[in-house]
Structures are given as structure tokens and as C-alpha cells.
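Asks: Handing you this structure, nothing more for now.
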């Protein structure tokens, strides 16, 4: 292993944290889940920082990082919805956005070839807010009081950024797909 592989290794470790997080949620082990989720959330920032700071970017990392993020958020939000800790409409919105992104990426790849995964600022803000909302939710079963207005505000922020980032992906990839199609499709982009 080389130093430049560290960001990819961090992504793999984040993926490996998903099953213990889901199982911990289902078992009601919220203190453990809070710790694991904080570790997973922090690792998202760390791998990106290392890749940018030391120019350790790779094609594999460009795939692993968003995959790890999607897996962590989809599984965590679905489980929290199942447990009744998140409203189902928000879970459906988050899962729907990620479904649109993955479907769009697959369609783009089929029509145009290789895709450059480059999350926008609003998408990064959305991921951060989704992580913070989960962490706040995990404090509640531990008996730590979070004011109701904070929870309502976080749910509102996650809702708005989920809608905006989903729309941003559709707009940007639609623009790139139209440009690709004008040039003749697969392999020309």
C-alpha cells in the first residue's frame, strides 16, 4: 500500500462501518452508533482533504467516495425511518434524490461514457447537513435534550438542500448529456 491509497482505504472503511451502524440502530445501541456514525462522517471529510491536499486523487476514489456516502446515508436514513425516528417523507426524499443521482449517472455512462464524479457545493452541504441531522437524532434516545426548533430547522435544511442538490445534479448532468449527444455519444465526451 502506498500513501496515495489512504483516501481509498478510508472510503472502504466507511463502507465497512455501514452494517455495524445499521445493526446498532436496530438493537437500540445508540451510544455506539453515535460514535461509529461520527467516525464515518468524519472520515468523509478526511479522505477528501487528503486527496485534495496531497493530490492523491484517483478514478477509484472518485467512485468509492460517493458510493460510501450513498451507502451510509441511504442505509442510515432508511433504518431511522423504519424505527420511526425520521419522518418517512424525508426518508423518501433522501432516497429518491440518491436514486435519481445513481440512475442519472448510469444513464450518462451508457449514453456518453466515463463520468466525472464532482459533487457541487450544495451537494456537499446536503451531505454535511444529513450527517448532522442523524447525529442530533442519535442524541435523543441517549436522553440528551435537543430543542425542538433545532430539529425542525435541521429537517427543513436537509429538505431544502436535498431538493436543491438533486435539481442541481439533474440540471448539470442533463447539460453535459445534451453536449455529449451533440458530439455523437459514447466515447466522444
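Only the coordinates and a few stated rules stand behind these numbers; no lab work does. The structure displayed is predicted, hence computed values, not measured ones. For neighbour counting, all protein chains shown are included, and Cβ atoms are generated from backbone atoms with ideal geometry for every residue, glycine included.
Asks: Measuring from label point to label point, each 7 Å out along Cα→Cβ, what is the residue 109 to residue 53 span in nm?
Replies: 3.0
Asks: Based only on Cα atoms, what mean projected area does the convex hull of region 99-173 have, in nm²?
Replies: It is 5.6 nm².
Asks: How far is helix 30-53 tilted, in degrees, relative to the longest principal axis of the Cα atoms in the chain, given as a value from 0 to 90 rounded to the nearest 10?
Replies: The two axes meet at around 30 degrees.
Asks: In degrees between 0 and 90, to the nearest 10, how far off the longest principal axis of the chain does helix 6-27 point, with axes built from Cα atoms?
Replies: 40
Asks: Please find the FRET efficiency linking residue 128 to residue 175, where r is the Cβ-Cβ separation and R0 is fixed at 30 Å, and quote it to the nearest 0.05.
Replies: 0.75
Asks: Something else: In square nanometres, what is the average projected area of the Cα convex hull of region 3-183?
Replies: 10.7
Asks: For region 102-149 and region 1-43, what is the separation of their C-alpha centers, rounded to whole Å?
Replies: 15
Asks: Also, quick follow-up: Sort 88-97, 127-136, 104-113, 148-157 by the packing proxy (mean of other Cβ within 10 Å over each peptide's residues), most packed first.
Replies: Per-residue mean Cβ counts within 10 Å order the peptides as 127-136, 88-97, 104-113, 148-157.
Asks: Under 8 Å for C-alpha pairs, at least 6 residues apart: give me the relative contact order for the chain, rounded to a whole percent. Mind showing how you got there, number by number?
Replies: Values: 172 pairs, mean separation 47.8, N = 189.
Over the chain, the number comes to 25 percent.
Asks: If we sort 70-80, 164-174 on the protection proxy, mean other Cβ atoms within 10 Å, highest first, what's the order? Show your work: numbers first, answer last.
Replies: On the way: 70-80: 20.4, 164-174: 16.4.
Result, highest mean Cβ count within 10 Å first: 70-80, 164-174.
Asks: If I fit a long axis through the Cα atoms of helix 121-139 and take the longest principal axis of the Cα atoms of the chain, what angle between them do I get, 0 to 90°, rounded to 10?
Replies: Computed tilt is about 20 degrees.
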